[in-house]
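Notes for the one structure printed next.
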Amino acid sequence: MFGNGFPEIHKDTSPIQTLLSNQKDCHWYEETIDDDLKWSFALNSVLHTGTSEYQEIALLDTKHFGKVLVIDGKMQSAERDEFIYHECLIHPALLFHPNPKTVFIMGGGEGSAAREILKHKTIEKVVMCDIDQEVVEFCRRFLTVNSEAFCSKKLELVIKDAKAELEKRDEKFDIIVGDLADPVEGGPCYQLYTKSFYQNILKPKLSPNGIFVTQAGPAGIFTHKEVFTSIYNTMKHVFKHVKAYTAHVPSFADTWGWVMASDQEFEVQMDEIDQRIEERVKGELMYLNAPSFLSAATLNKTISLALEKETEVYSEENARFIHGHGVAYRHT
């Protein structure tokens, strides 16, 4: 149990917790990308670890990327470059919408998605719905960069399954964001990537000009068929207009993908994006502007053809999962 009222983290004997528990012996963190590929980086220390009802949680202090949040053995964000992921997740949808006022975040317990949304002057209400209270409290306490977002009066924090919460609400939202953990087998999130969820629960909760955007997993030359192409194809079966885009995130050791969708066309011209950023966004964005979004949405031939040819629709019975897990160890 962490001090100062932090909720109790359940004891666990899984490999990552066992190996992370002895901080003096943990010199490296290693994540399995595939059966024959691993990604590792040097640690200064293991700051905190725990296991909630749903997921394993670790906060690592790395030599290269600063503080790193790891959930279920998969890198979620790193202090030095998380702005790439979160700016790409949040700002395109809000900038393409004519006047976004209300946003519902599925997941997002880290607080970074809410932080980016609250930079927009038009925003009146943000609902952040995360199933895992321990993850939310963990991030609220240790990721101080998001303290202002957690304290905002515009933020409504709900600890609940996002599917159930959306289903019971009568209100509609201008933007719905999927800031979910990757779909890992046995994890709590994969059902929120399915056609039935998008079609029957999520889409009816969008306002007439509403836009849905989700993180869609790795989208590199060797990894785009894990989940990225099937998530894109699934959304095409539900929405009239779907746009995929990607960016390289150094701490993920890969190109990452996002998909946004709407029944209204994405009509904003590229030269209008920078103008909307200047008019709507408080402060400076570190990554996203009109040229970078145009580049992100211009996919290479391999990825473009894979998206075009994908036939699989993501469902509970036909789900794809991200491979891999991570551990910390002493390099000898």
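The values are calculated or read from the model by the stated rules, or taken from the named source; none is laboratory data. If you're wondering where the values come from, they're calculated on a predicted model, not measured in any experiment. Using ideal geometry, Cβ is built from the backbone for each residue, glycine included, and neighbour counts are taken over all protein chains shown. Quick note on the areas: whole protein, heavy atoms, side chains included, nothing else; ligands and nucleic acids left out. Shrake-Rupley method; radii C 1.70, N 1.55, O 1.52, S 1.80 Å.
By DSSP, the beta bridges lying fully in the chain are antiparallel in about 70 percent of cases. Taking the convex hull of the alpha carbon positions in the stretch 28-77 and averaging its projected area over all directions gives 3.6 nm². Compactness of the stretch 38-183 was expressed as the Cα radius of gyration divided by 2.2 N^0.38 Å, which yields 1.05. Result for the chain in a Gaussian network model with C-alpha springs under 10 Å: among LEU155, LEU166, LEU37, the largest mean-square fluctuation is at LEU37.
In plain terms, if you count all Cα to Cα distances in the stretch 65-128 and split them into 10 Å steps from zero, the share in each step is 20, 51, 23, 6 percent. Note on the chain: dipole from Cβ charges, positive end direction compared against GLY108, VAL127, HIS237; the farthest Cα belongs to VAL127. 3J(HN,Hα) couplings calculated from phi for the stretch 94-102 with the Karplus curve 6.51 cos²θ - 1.76 cosθ + 1.60 (θ = phi - 60°) are, in sequence order, 5, 7, 6, 6, x, 7, x, 10, 10 Hz; Gly and Pro show x.
Karplus-based coupling profile of the stretch 216-225, in residue order and whole Hz: 10, x, x, 9, x, 4, 9, 10, 5, 8, with θ = phi - 60° in 6.51 cos²θ - 1.76 cosθ + 1.60 and x standing for Gly or Pro. Backbone amide hydrogens, once placed in the peptide plane, bring HIS248 within less than 5 Å of TRP256, excluding anything fewer than 5 places away on its chain. Given that just one value was derived from the coordinates, which of [x] 55, 45, 38; [y] 66, 51, 42; [z] 60, 47, 34 is Cα extents along the principal axes in Å? After the calculation, the listed value that fits is [x].
Among the trypsin sites (Lys or Arg not before Pro) in the stretch 271-310, which ones are in a DSSP loop with at most 13 other Cβ atoms within 10 Å of the Cβ? Mind listing them? Could you put the intermediate results ahead of the total?
Working: sites: ARG276, ARG280, LYS282, LYS301, LYS309; in loops: LYS282.
Sparse-neighbourhood loop trypsin sites (Lys or Arg not before Pro): LYS282.
Solvent-accessible surface of the stretch 28-77, taken per residue with a 1.4 Å probe and all protein chains present: 40 Å². The lysine pair tally for the stretch 79-224, using Cα distances under 13 Å and a gap of 8 or more places or different chains, is 18. In this structure the amide hydrogen of GLY217, modeled in the peptide plane, comes within under 5 Å of the amide hydrogens of GLY257, none closer than 5 places in sequence on its chain. With +1 on each Lys and Arg Cβ and -1 on each Asp and Glu Cβ, and nothing else charged, work out how big the dipole of the stretch 82-309 is about its Cα centre, in Debye to the nearest 20. Magnitude of the dipole: close to 460 debye. When a 1.4 Å probe is rolled over the protein heavy atoms, the share of accessible surface on the chain that falls to carbon and sulfur comes to 47 percent.
When the chain is treated as a Gaussian network with alpha carbon springs shorter than 10 Å, the biggest mean-square fluctuation among THR144, THR51, THR246 belongs to THR144.
Could you report the stretch 177-264's accessible area per residue, 1.4 Å probe, as an integer in Å²?
Values: 2810 Å² over 88 residues.
Here the residues of the stretch 177-264 average 32 Å² of exposed surface.
Length gained on full extension, SER196 to TRP39, computed as 0.36 nm times the residue gap minus the Cα-Cα distance: 53.1 nm. For the stretch 40-111, the dipole from Cβ point charges (+1 on Lys and Arg, -1 on Asp and Glu) about the Cα centre works out to 160 debye, to the nearest 20.
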